[in-house]
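Just below is one structure, and these are the notes that go with it.
The values are calculated or read from the model by the stated rules, or taken from the named source; none is laboratory data. Keep in mind that what you see is a predicted model, and the values were worked out from it rather than measured. Here Cβ is always computed from backbone atoms with ideal geometry, including for glycine, and neighbour counts include all displayed protein chains. The area values use the complete protein model at the heavy-atom level, side chains included, leaving out ligands, DNA and RNA. Shrake-Rupley method; radii C 1.70, N 1.55, O 1.52, S 1.80 Å.
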Amino acid sequence: MSRSSTTAAVAAGGPEPSRDSGPSGRRGPRRPPRRRGRAPGEPHPSAAYLYIAPALIVYALFLLVPIGRSFMLSLYEWDGLTVGTWAGLDNYVEIATDPGLRAAFGHTAVLIVFYALIPVAVGMVLAAIVARARVRGMPFFRTAIFLPQVVALAVVAVTWRDIYASDGPINQVLRFVGLEELARAWLGDFALALPAVGLVGTWVNTGLCFVLFLAGTGKIPGELYQAVRVDGGGPIREFTTVTMPALRNEMVVALTLTVINALRTFDLVYLTTSGGPGNSTTVPAVEVFRQAFERGEVGSAAAVGITLTLIILALNLLISRIGTREAR
Amino acid sequence: MTSQRERALTYTILIAFAVFALYPMFTMLGTALEPGSDAPGGLGNFAVAWEQGRFGSYLRSSLIVSVVTVAIATVLSILSGYAFGTMRFPGSTALFYLILIGIMVPTEAVVVPLYYDFRDLGLTDTYAALILPQLAQSVAFGTFWMRTYFLTSSRGVAEAARIDGTGHWGTLWRVLVPMGRPAIITLVVLTFMWTWNEFMIPLVMVTSESLRTAPLGLAFFDGQYVSATSLLAAGAVIVALPVVVLYLFLQRHFIQGIIEGSTKE
C-alpha cells in the first residue's frame, strides 16, 4: 500500500456515505458551517493562514513545484547534463508510437485485471458468504488476511521470486503431480511473466478488498435480507439485490485504491523482472526510471510521468462517476 | 438461517484465505532458517545477513528518515488540519482543493524533476533528499486526515473551550490533540509504514551506502548474493519485521486508517 494510492482514494472518496448525505447527494468537501460574524473568541482569519503556512510551504516546494517542473521537462529533449532543446509535444507523441512505451501502458490494462478486478470480485463474494455466519476467531483471520498490505513491496518481490523460481514450490508441486512439462521459470517466460507479476498484485490486494467489504456488510440491516427471503429469494438473490448495491461505496473505494496500485506499480516489477524478459512486463513507472536514469531521456521520462498522472486523475473521476450513477 | 454446512463453508473460505495470505510469509521465514553455502542455518542466518548485508546501517537510515518525516509531518498536519477543520477564512476551499489535487499525484511524476533540482542544489545523497519529498506527500495526506478529525468530532468542544476563554492555540494542544489521540496514532502509523516501505525515492536519491534505507539495502543485498537464498530471505525478514510487529500491535489503526481513511468525507 502506498501513500498516493490511499490519498487518491480518499480524494476520489466516491460518493459520501449514505448516512451523511441526503437524497440529493451533496458533492464536494464538507466545510465548517457558514455563520455571520465571528463567534466569541473565534480566531481572526489571519491566524488560520499562520496555521496552514508551514504545511503549505513544504507541500508547495516539494510536491506542487515538482509537478510543474515535470510538465516543463516533458516539453524538452534533455539528457540531464547538457543544454536541453525544445521538443514541444514530441515526448508525448513518442509515448503513442514507441513500442516499449506503448507496451508499458498496455500492460497496465492486464495488471488492472489482476490487481483490481479479481480482488474486488473475489473479495466481495467471499465477504458476502462470510457475513452470513457468525464466526469465531474473526480478529485472527482479519489480521492474517490483511497482512500482505503492510509488508514492504521490496520484501514481497524477493519472496515471490523464490516462489516462482525454477526450483521453487510451484514447480515442485507440478513435478510431484507429474506435470513436469508445465514447470518453468515463470518470471522468465515471455507469455506468463506478466500474469505472474499480476498474481502477486492479486495476493497483495485481495485481503484489502475482503476486509473492506466485510466492514461494509456489517452495516447492512438484517431486515433487507429477511425481505428477500420472505419473497422466496435464495443466497444469490440476496447477493445481487441486497449485498452488491449496499456495498457500492466500498466498491468505489476498493476500485480506486487497487486500480491506482496497478497503474503505479514499480517496486514489484523492478525487483522481480525489471520489465523483462524483453519488454514483456515493463510498466510506466519502470519506464520513468529507465528513461530518466539509465537512458538519459529525461524529457521522455517526465512525459511518461505526466501521462500517468493524467490517467490516474481521469480514472479517479470515472470510477467515482460510476459510483454516483449507480446510486440513482 | 445459518446451517451447519454454511458455517463449515465459511470456515473453509476463511482458512483458505488466511493460508493464501500467510503462505508466502512462512515460506520466506522457512527459507531464512535453512542452512546454505554461507549460511549456518537457524537464527545464525540472521546474524550473518545482518553482518554481511549491513542491515544495521540500513535500519538506522530507515529509522532516521521515518522518525523525522513522521514527527514533522504530524505536527504540520495537526496545525493545518485544525485551520481547515475549524476556522473560516477566505480561500479555504480553494486551498483545500489544491491539496486534494496534489495528493493524487504519484511519486513517479515528481521524482524526476526532484532528482535533477536536488542535484543542482547539492542535496542528492543526503537525508534531506530522502525526507523532504516524503514529507510533502505525508503533509498532504495528514492535512486531509486531521481536517476530517477536527470537522467531525470536535467543533462543539472547540467552541465550548473558546467561550471559556481558552485561546485557539491552547484549545488545540490542551483539549483537541489529547482528545484526538486515536486519529493521530493512526496517522503516525500510516505515515511510518509508507515512509519505511518507500523504495523509489531512496533508489533515485542516494548512492552512498550509509544512506540506503532498508528496502533499498535489501535490493542491493539481492544483487550481491544471488546464490545465498537463505541469507536473502533472512534479510527480507529483517526489513519487513519492524512494520509487521507494529501492525500486530496496532492492527486496528492500520486497517481503519487504510480503509476508513478512504471512506470518510
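Annotations for the structure displayed:
- Criterion: charged (D, E, K, R), open to solvent by 10 Å² or more (accessible area, probe 1.4 Å), at pLDDT 90 or above and farther than 15 Å from residue A:115 by Cβ - qualifying residue of A:290, A:321: A:290
- Of the residues A:309, A:256, A:265, the single one that is within 15 Å of the chain's Cα centre (by Cα), assigned to a loop (DSSP other than H, G, I, E, B) and within 11 Å of chain B (Cβ to nearest Cβ) is A:265.
- Residue A:137 vs. criteria within 10 Å of chain B (Cβ to nearest Cβ), surrounded by fewer than 24 Cβ atoms within 10 Å (Cβ to Cβ), closer than 22 Å to residue B:13 by Cβ and modelled with pLDDT under 90: yes
- A Cβ distance below 6 Å, combined with a sequence gap of six or more or placement on separate chains, defines the contacts here; from the stretch B:187-198, residues that are within 13 Å of residue B:64 (Cβ to Cβ) reach residues that are of a type outside the set (S, T, N, Q) in the pairs B:192/B:70; B:196/B:243.
- Filtering the stretch B:211-227 to residues that are more than 8 Å from chain A (Cβ to nearest Cβ) and either open to solvent by less than 20 Å² (accessible area, probe 1.4 Å) or touching a helix residue (DSSP H, G or I) at 6+ places or on another chain (Cβ under 6 Å) (or both) leaves B:211, B:212, B:213, B:217, B:221, B:225.
- The lone criterion from (1) modelled with pLDDT of 90 or more; (2) aliphatic (A, V, I, L, M); (3) in a helix (DSSP H, G or I) left unmet by residue A:191 is number (3).
- Looking across the stretch B:2-42, the residues that are among the aliphatic types (A, V, I, L, M), farther than 30 Å from residue A:134 by Cβ and more than 7 Å from chain A (Cβ to nearest Cβ) come down to B:29, B:32, B:33, B:39.
- Of the helices (runs of 4 or more DSSP H) lying entirely inside the stretch A:40-115, those carrying at least 3 residues that are more than 8 Å from chain B (Cβ to nearest Cβ) and in contact (Cβ under 8 Å) with a residue 12 or more places away in the chain are A:90-97, A:99-112.
- Filter result (at pLDDT 90 or above and in a loop (DSSP other than H, G, I, E, B)) within the stretch A:198-248: A:247
- Which numbered condition residue B:56 fails, given (1) assigned to a helix (DSSP H, G or I); (2) within 13 Å of another protein chain (Cβ to nearest Cβ): (2)
- Residue match in the stretch B:195-206 (condition: farther than 22 Å from residue B:110 by Cα, within 11 Å of chain A (Cβ to nearest Cβ), in a helix (DSSP H, G or I) and open to solvent by less than 10 Å² (accessible area, probe 1.4 Å)): no
- If you check B:172, B:130 for being assigned to a helix (DSSP H, G or I) and touching a Pro at 6+ places or on another chain (Cβ under 7 Å), only one passes: B:130.
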